[in-house]
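Student: Sharing a structure here in structure tokens format.
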Amino acid sequence: IKENYNKLNAYNYKYLSDGLLISGFVWLPKNIKEKLPVVIWNRGGTSEFSGIGKNRGSIFTDFSCELAKNNTIVMASEYRGGIDSEGKDHRGGDDINDVVKIKEIANQLPMCKQCKSIVAGFSRGGMMSYLLAKKEPWVKAVISLAGTTDLIDSVKERPEMYEVFKEAF
């Protein structure tokens, strides 16, 4: 935590997506001297489970810190229905717009390169990354860590996910 804290700045911000107030996060190296590429981090979990803001101390221990330490700007969304975000989580439905909006925000920041971006995520975040790659021409590459690809198999492997999916869909 101390090493990341000394090398990075991390901020929580709010933005509008489809008229909903959504909580977002950004990690960036300290003392930026040039425009940097953007990586959009898609968190795992549903609603408030595994939210970035769940344990604010972990903001300097996440995989997002490792990405930011490699001279990138990392931006993320709590998604609608997540911690400090309005709306209902649809797990890959309209909440994909919350991530698209982050790219629009990045394009307005003076320290961000205006180029195609990498999307990355863990579990549900991997699924969100796949959906973005399918939908958005600005996606340059996808990093997926244990990304969900088959919801039916997910329920077979983890029966407790049935209730999570039932509520989301």
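The values are calculated or read from the model by the stated rules, or taken from the named source; none is laboratory data. What you see is a predicted model; the values in this text were computed from it and never measured. Please note: Cβ atoms are built from the backbone with ideal geometry, for glycine as well, and neighbour counts cover all protein chains shown. The accessibility values were calculated without ligands, DNA or RNA, using every heavy atom of the protein model including side chains. Shrake-Rupley method; radii C 1.70, N 1.55, O 1.52, S 1.80 Å.
Student: Filter segment 12-35 down to residues that are open to solvent by 70 Å² or more (accessible area, probe 1.4 Å) and out of contact with any Leu (no Cβ under 8 Å at 6 or more places or on another chain) and give me whichever is nearest to residue 83 (Cα to Cα).
Tutor: Once the filter is applied, the top-ranked residue is 12.
Student: Taking interchain pairs and intrachain pairs at least six residues apart, which have beta carbon atoms under 6 angstrom, with the first residue in segment 115-140 and touching a residue at least 24 places away in the same chain (Cβ under 8 Å) and closer than 19 Å to residue 154 by Cβ and the second hydroxyl-bearing (Ser, Thr, Tyr) and crowded, with 23+ Cβ neighbours inside 10 Å?
Tutor: From residues that are touching a residue at least 24 places away in the same chain (Cβ under 8 Å) and closer than 19 Å to residue 154 by Cβ, the pairs are 121/129.
Student: Can residue 106 be described as of a type in the set (A, V, I, L, M, F, W, C) and under 12 Å from the mean Cα position of the chain (by Cα)?
Tutor: no
A quick yes/no check of all residues on (1) in contact with a Gly (Cβ under 8 Å, 6 or more places away or on another chain); (2) over 18 Å from residue 23 (Cα atoms):
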| residue | (1), (2) |
| --- | --- |
| 89 | yes, no |
| 93 | no, no |
| 96 | no, no |
| 101 | no, no |
| 108 | no, no |
| 115 | no, yes |
| 124 | yes, no |
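Student: Tell me which residues, restricted to segment 128-155, are in a helix (DSSP H, G or I) and either open to solvent by 60 Å² or more (accessible area, probe 1.4 Å) or within 16 Å of residue 72 (Cβ to Cβ) (or both).
Tutor: Within segment 128-155, 129, 130, 134, 135, 152, 153 qualify.
Student: Go through segment 37-127 and tell me which strands (runs of 3 or more DSSP E), entirely inside it, have 3 or more residues that are at pLDDT 90 or above and of a type outside the set (D, E, K, R).
Tutor: Where strands (runs of 3 or more DSSP E) fall fully within segment 37-127 and carry at least 3 residues being at pLDDT 90 or above and of a type outside the set (D, E, K, R), they are 38-42, 73-77.
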